[in-house]
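One structure is given below, encoded as structure tokens.
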Amino acid sequence: METKLLFLLLLACVAYTVGQDSSDSSDSSDSNDNSSSSGSGSGEDNDYSYPCSLDDLDCIRDYFAQSGMCTKVSHQDGKSIQRPKLVGFLPSFNSSYTCLDNTITFDGSKIESFYVNKRSNNLVMTIYFDGCSVYTERLQLAIHVRGRENVLVEDYVNITYTAALTGIFPKAGLNGLIGAAVSSYNINPSPPLELGAKISESSNEVVSNWYNALENDISTGVNELLLTEGPFLYSLYIQTYICNYGVEHTGDLIL
């Protein structure tokens with residue numbers, strides 16, 4: 001009887017020890033899982049590299065120049081830039097336009113993001129500006145009319161955007177502007193916009209209706225203008241402030 005009792009006590013001790021070891025193993029496994037889970041956050045951070053500080057334009061210039069495809073340049077906000085031609089579209093208003101003799105001025109510009117996504121090998125650089133003024137002496141506006149020739153009118157236009165433009169460069173930006181894409185984000189839906197009297201006060205019914213439609217939906221018009229002009233403005237900025245590739249972007253071709 002005593003032998004049986006001793007055996008049962010030993011068996012109970014063994015069962016307790018095994019259960020405790022299993023619990024410890026489970027806790028350790030949970031701990032490892034938690035550690036692995038929390039580590040995934042830092043792993044995602046490791047998917048990105050940040051070659052330069054956002055305020056270090058010299059470093060950013062050096063980064064682009066290492067491709068050997070461009071020449072480092074610099075420019076100051078508030079100093080105007082002249083460009084001969086810009087082509088764009090306003091699909092919601094059935095119109096297209098060509099801007100000749102353009103004066104562009106950036107104010108309050110800064111680099112808002114600059115990093116390489118290691119998974120896609122894309123360089124992402126965002127440019128923000130408080131103001132980007134585009135003054136065109138000769139806006140050639142073509143209003144498309146069903147079953148008729150386009151109605152053409154020419155006058156000046158002056159607009160100032162507040163926006164952020166993001167460039168996405170394949171091959172970590174070392175392939176220059178080849179294959180680059182630009183996305184536009186308009187911040188001010190109703191910016192200062194002035195059109196000459198030949199457009200804003202036209203007696204032509206088609207032109208007058210076009211202008212009224214634009215005034216009544218100015219946010220859509222401005223968004224479409226910036227979507228069209230964004231690649232032009234981005235190319236202009238990078239080739240005036242950062243590194244000049246010798247590429248003249250007018251809007252006729254996608255950047």
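A few comments on the model shown:
- Rounded, prolate or oblate (a/c below 1.5 giving rounded, otherwise prolate when a/b exceeds b/c) for the range 59-163 by Cα gyration tensor: prolate
- Restricting the calculation to Cα atoms, the range 122-167 yields a radius of gyration followed by a Dmax of 16.5, 46 Å.
- Integer Hz, Karplus 6.51/-1.76/1.60 couplings in order for the range 200-207, x for Gly and Pro: 6, 10, 5, 8, 6, 4, 5, 5
- Label-to-label distance, nm, for residues given as Asn158 and Val73 (7 Å Cα→Cβ offset): 2.5 nm
- Rg/Rh (Cα only; Kirkwood hydrodynamic radius) as it applies to the range 50-244: 1.03
- Ser219, Ser235, Ser133, Ser190 arranged by Cβ crowding within 10 Å, fewest neighbours leading: Ser190, Ser219, Ser133, Ser235
- The range 68-85 and the range 101-174: distance between their alpha carbon centers, rounded to Å: 14 Å
- Across the range 195-255, the convex hull enclosing all Cα atoms gives 110 Å³ per residue.
- Mean separation of Cα contacts under 8 Å (6+ apart) over length of the range 114-255, as relative contact order %: 21 percent
- Trypsin sites (Lys or Arg not before Pro) within the range 98-199: DSSP coil, no more than 12 neighbouring Cβ in 10 Å: Lys118, Arg119, Arg146, Arg148
- Per-pair calculated FRET efficiency, R0 = 22 Å: Val87 and Ser203 via Cβ, rounded to 0.05: 0.20
The numbers here are math on the coordinates, done by the rules we state, and not lab data. This is a predicted model, so every value here is computed, not measured. Note that each Cβ is placed from the backbone with ideal geometry, even for glycine, and that neighbours are counted across all protein chains shown.
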